[in-house]
Structures are given as structure tokens and as C-alpha cells.
């Protein structure tokens, strides 16, 4: 994975975590396929920047605006990376805190994310990325 893409990815997570969502979205291709976590209610595929914004609205309705993904490690492949994140938030309705691992697969083309999908299990994310331990 080129260093520029890894730097962009790290900057994107930092932007998301500070609430600078437009800077985060800029890392994604206009035609990105943005998959929701399969375990969430009403899971679906979001497309393009408007789709990412719709996903963000859905996320904030459930978890408020303080939800964040703290990257812990990056497993790189050819045009793909699996990011081991620590997801942290507070239920918007319940006020209950949540902390859980989420493994995010991101595929790149022309220095932009063109496909992404999160997983609850690292092995599933690695398989989707075509990578091994």
C-alpha cells in the first residue's frame, strides 16, 4: 500500500473522530460502495458521497455525534487494507456506552477508497480482503 494512501487513511480516521466529516468523506471515491455492518438493524449498501452522509445520519441517530473509530492496527495488501479499530460511542436513546472491535476493509483505486465493509470478526475481514494472518 503506498504511503500516501496510508497517510490519507490515518488522516481520515482523525477527521472522522474530531467530527470533520467532509474531510473524512473526501478520502472516498464519488462512486464508493459503502457497506453497513451486517449486524446492525436495517443494514444496507450505501453508494457515493451522499450515501456516506446517509450512513452517517443513521449512525448518529443510533449513537449520537460522539461516535468514533480508534485505529489500532493496519494490515496491508495490494490495494486493500484491514483496519483494526476500537469503536466507541453512547446510545442516543439509552445513554449506554458501547465499546467494541470493528475490522474495516477498505479497497483503493487511484488513491481513493472505492469499497469498504466493516466486520465484527478479524478473520472475516481478512478473508474479504483476500489477506491472511
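What follows is calculated from the coordinates using simple rules that are stated; it is not laboratory data. Predicted, not measured: the structure shown is a model, and the values here were computed from it. Cβ placement follows ideal geometry from the backbone for every residue including glycine, while neighbour counts extend to all protein chains displayed.
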Mean-square fluctuation maximum in Gaussian network of the chain, Cα pairs under 10 Å, restricted to 71, 41, 118, hits 41
What's the angle, to the nearest 10 degrees (0 to 90), between helix 48-63's Cα axis and the longest principal axis of the chain? 40
Among 88, 104, 98, which comes first, then next, by fewest other beta-carbon atoms within 10 Å? 98, 88, 104
Here FRET efficiency (C-beta to C-beta, residue 100 to residue 31, R₀ 22 Å, nearest 0.05) is 0.15
Beyond 18 Å, what share of the Cα-Cα pairs of the range 18-72 is found? Please give it as a whole percent. 33
Contour minus end-to-end for residue 112 and residue 90, with contour as 0.36 nm per residue of separation and end-to-end as the Cα-Cα distance? 4.9 nm
A chain fully extended from residue 53 to residue 124 at 0.36 nm per residue, minus the present Cα-Cα distance, gains in nm 23.0 nm
By Cβ neighbour count within 10 Å, fewest first, 32, 114 rank 114, 32
As a footprinting exposure proxy, order 45, 131, 9 by other Cβ within 10 Å, with the fewest listed first. 45, 131, 9
Convex hull projection area averaged over all views, the range 3-129, Cα basis, nm²: 7.0
